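Structure, as structure tokens:
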Amino acid sequence: MQVEQQPTQTFRRNPFEIIGECFSIYGRYIRQFLLIALIVHIVTGAVGFVILPSDEELLTLLQFDVTGEQGTDTSELPPLAEVAELLFPVSVYFLIMSVSQVFLGGAIACAVGMQYATGAVNAGVSYSRAFWRVLTLFMIGLLSFALIVLAGVGVVLILPGIIILTLMIYCSVATQAAVLEGYKLPSALKRSFELVLGNWWRTLAAWLLTVLVTIGLSLIIG
């Protein structure tokens, strides 16, 4: 008699249990995970140092001439060419950050999978596995960047914002599908959709908890 396959234990846990297990794994292998994260952040930090405009240059975007000839207030925006010249490297940097964060997510996913399979974490092996699907991760990063930009625009218009958020959640485990199961981009997106289908609200809750924890830790460190 064929026995129906039950859902995996991971998907029967609530978001708080999943986040708690993440902290447990990171706590046991804190040095390895810090090494994995630092490699990417050092590289992106160096790129940002080279291409990003200085704080003084960015502040020029906020400086307006408020003295009129007749004593009346006027507001003169900086020339469009100057604004574009300053914002272009910022946009490029955020694109690099989006791609690098997806690549980092792939390396961390490999490390977590390695921990479950072998009880150990190796930064070199994790990066090697991520490089195996580097082109797919790069394209997922571009897609993530596009969705983030569209989300920023869609925030003003409620319906497009909801649609974009829905797509972001359905694509949220494409990175894991690529590096752990070996899927290329179209199949990784399809696999992500299959995994999230039926778990959309749980995935959204886990995603929101992760964002809130990240913001909280950033504030504490800051």
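Can you say whether Phe11 is surrounded by 12 or more Cβ atoms within 10 Å (Cβ to Cβ) and either at pLDDT 70 or above or under 25 Å from Phe131 (Cα atoms) (or both), as far as the supplied structure shows? Here the answer is no, as Phe11 does not meet what is asked. Do we have Arg191 as among the basic types (Lys, Arg) and over 21 Å from His41 (Cβ atoms) here? Judged against the criteria, Arg191 is a match.
Screening segment 54-159 for helices (runs of 4 or more DSSP H) wholly inside it with 2 or more residues that are surrounded by 11 or more Cβ atoms within 10 Å (Cβ to Cβ) and at pLDDT 90 or above returns the ranges 80-118, 123-132, 134-154. Exactly one residue out of Ala205, Ala151, Ala188 is of a type in the set (A, V, I, L, M, F, W, C) and under 25 Å from Tyr127 (Cα atoms), and it is Ala188. Of all residue pairs spaced 6 or more apart or on separate chains, those with beta-carbon atoms under 8 Å, a first member in segment 90-112 that is under 20 Å from Gly124 (Cβ atoms) and a second member that is outside any helix (DSSP H, G or I) and open to solvent by 30 Å² or more (accessible area, probe 1.4 Å) are Gly106/Arg133; Ala111/Tyr29; Ala111/Asn122.
The values are calculated or read from the model by the stated rules, or taken from the named source; none is laboratory data. Here the structure is a predicted model, which means the values were calculated and not measured. Glycine also receives a Cβ, built like all others from the backbone with ideal geometry; neighbour counts cover every protein chain displayed. Side chains are part of the model used for accessible areas, which takes the heavy atoms of the whole protein and leaves out ligands, DNA and RNA. Shrake-Rupley method; radii C 1.70, N 1.55, O 1.52, S 1.80 Å.
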